[in-house]
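The values are calculated or read from the model by the stated rules, or taken from the named source; none is laboratory data. Nothing here was measured: the structure is a model prediction, and the numbers come from that model. Glycine gets a Cβ as well: all are built from the backbone with ideal geometry, and neighbour counts include every protein chain shown.
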Amino acid sequence: MTTIGFVYPDHAAEDDYPLAEKILGAGVRLPVAHIYGTDLHAVPELLDLGAPHRLAEGARLLAPHDLDAIVWACTSGSFVYGPDGAREQAAGLSRAAGGIPASSTSFAFVAAAKALGVAKVAVAASYPHDVSALFVDFLDAAGITVDGMSSHGVATAAEVATMTPEAVSDMAAAYDRPGADALLIPDTAMRTLALVNTLEDRLGKPVLTANQVTIWYGLRLAGASVASSDLGALFGAGTGE
């Protein structure tokens, strides 16, 4: 049994995690612990949301699950710290969880893009423009070229969670770029797990979404190799090296 814990901000699209657990089968457990702060997509609030004491609380709540790895399941609450700050954030989460492997959704996007051999991406972000631009900077620092970035300008995670599958699909199609190798959709508040294959069929390229890459990278941190035909190209070859 492989058990990956996820520290998830407030409530929005956390039902993607039990869905993934069902898809991936009996050998995988994906418990979620909620921490609370404001869900506003603004830099000061996001810095507070990803603060060490909040993530330590998430680690405490997940401790009874005997975790193999733990992930901060929040893109904006990690990339807003920049690469160095996000690394320290992940290191702090690892310490709070007893030294097990730890990371965040932002690093999961980087690892997923590199695993697929993706060098140039388009970004379909739900955030306001200034926050979206920080994600572009994070990717650029990791050597991933952003061919085009579009921001949907949604102010809160709660609003993102109300987006219908049709709205998500239409946003992805509108914000894709023909020259991009893949499309990235960076918000764990958006329900995307059941849509990944549909989006890839519509766009004709890999689509990386926040909850998808978070789960994939958590499994990879734990050394688990799990393949699925239901979770997009990323899961098509499993999670191992």
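Across segment 4-18, the number of residues qualifying as surrounded by 19 or more Cβ atoms within 10 Å (Cβ to Cβ) and in contact with a helix residue (DSSP H, G or I) (Cβ under 8 Å, 6 or more places away or on another chain) comes to 10.
Answer with yes or no whether residue 69 is surrounded by 15 or more Cβ atoms within 10 Å (Cβ to Cβ) and under 19 Å from residue 156 (Cβ atoms).
Values: surrounded by 15 or more Cβ atoms within 10 Å (Cβ to Cβ): yes; under 19 Å from residue 156 (Cβ atoms): no.
Against the criterion (surrounded by 15 or more Cβ atoms within 10 Å (Cβ to Cβ) and under 19 Å from residue 156 (Cβ atoms)), residue 69 does not qualify.
Please specify each residue of segment 94-116 satisfying the condition of being within 19 Å of the chain's Cα centre (by Cα), small (Gly, Ala, Ser) and part of a helix (DSSP H, G or I). Passing the criteria: 94, 106, 108, 111, 112, 113, 115.
Out of the residues in segment 231-241 that are in contact with a helix residue (DSSP H, G or I) (Cβ under 7 Å, 6 or more places away or on another chain) and in a helix (DSSP H, G or I), which is surrounded by the most Cβ atoms within 10 Å (Cβ to Cβ)? Steps first, answer last, please.
Restricting attention to segment 231-241, the residues satisfying the condition of being in contact with a helix residue (DSSP H, G or I) (Cβ under 7 Å, 6 or more places away or on another chain) are 231-235, 239.
Right, trim to in a helix (DSSP H, G or I) and you get 233-235.
On the way: 233: 18, 234: 28, 235: 23.
Here the answer is 234.
Restricting to segment 184-230, and then to whatever is part of a loop (DSSP other than H, G, I, E, B) and among the charged types (D, E, K, R), can you tell me which residue is farthest from residue 112 (Cα to Cα)?
Top of the filtered list is 191.
Okay, residues lined up against (1) in contact with a strand residue (DSSP E or B) (Cβ under 9 Å, 6 or more places away or on another chain); (2) under 21 Å from residue 101 (Cβ atoms):
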residue: 8; (1), (2): yes, yes
residue: 20; (1), (2): yes, yes
residue: 33; (1), (2): yes, yes
residue: 42; (1), (2): no, no
residue: 49; (1), (2): yes, no
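Scan segment 107-145 for residues that are of a type in the set (S, T, N, Q) and either within 21 Å of residue 163 (Cβ to Cβ) or not assigned by TED's automatic domain parsing to the domain that holds residue 163 (or both) and the total you get is 2.
A count restricted to segment 30-57 and to residues that are surrounded by fewer than 17 Cβ atoms within 10 Å (Cβ to Cβ) and within 17 Å of residue 211 (Cβ to Cβ) stands at 1. Whether any residue in segment 170-185 is outside the structural domain of residue 78 (by TED's automatic domain parsing), within 21 Å of residue 29 (Cβ to Cβ), of a type in the set (Gly, Ala, Ser) and surrounded by fewer than 21 Cβ atoms within 10 Å (Cβ to Cβ) is what I want to check. No, segment 170-185 has no match at all.
Those residues that are of a type in the set (S, T, N, Q), more than 20 Å from residue 182 (Cα to Cα) and buried (at least 20 other Cβ atoms within 10 Å of the Cβ), I need them from segment 72-103; list them, please.
The initial filter retains those residues of segment 72-103 that are of a type in the set (S, T, N, Q), namely 75-76, 78, 89, 94, 103.
Narrowing the set further to residues that are more than 20 Å from residue 182 (Cα to Cα) leaves 78, 89, 94, 103.
Once the filter is applied, which keeps residues that are of a type in the set (S, T, N, Q), more than 20 Å from residue 182 (Cα to Cα) and buried (at least 20 other Cβ atoms within 10 Å of the Cβ), segment 72-103 yields 78, 89, 103.
State whether one or more residues within segment 139-147 are surrounded by fewer than 18 Cβ atoms within 10 Å (Cβ to Cβ) and in a helix (DSSP H, G or I). Within segment 139-147, one or more residues are surrounded by fewer than 18 Cβ atoms within 10 Å (Cβ to Cβ) and in a helix (DSSP H, G or I). In segment 58-70, the condition of being among the β-branched types (Val, Ile, Thr) and in the same structural domain as residue 167 (by TED's automatic domain parsing) is met by no residue.
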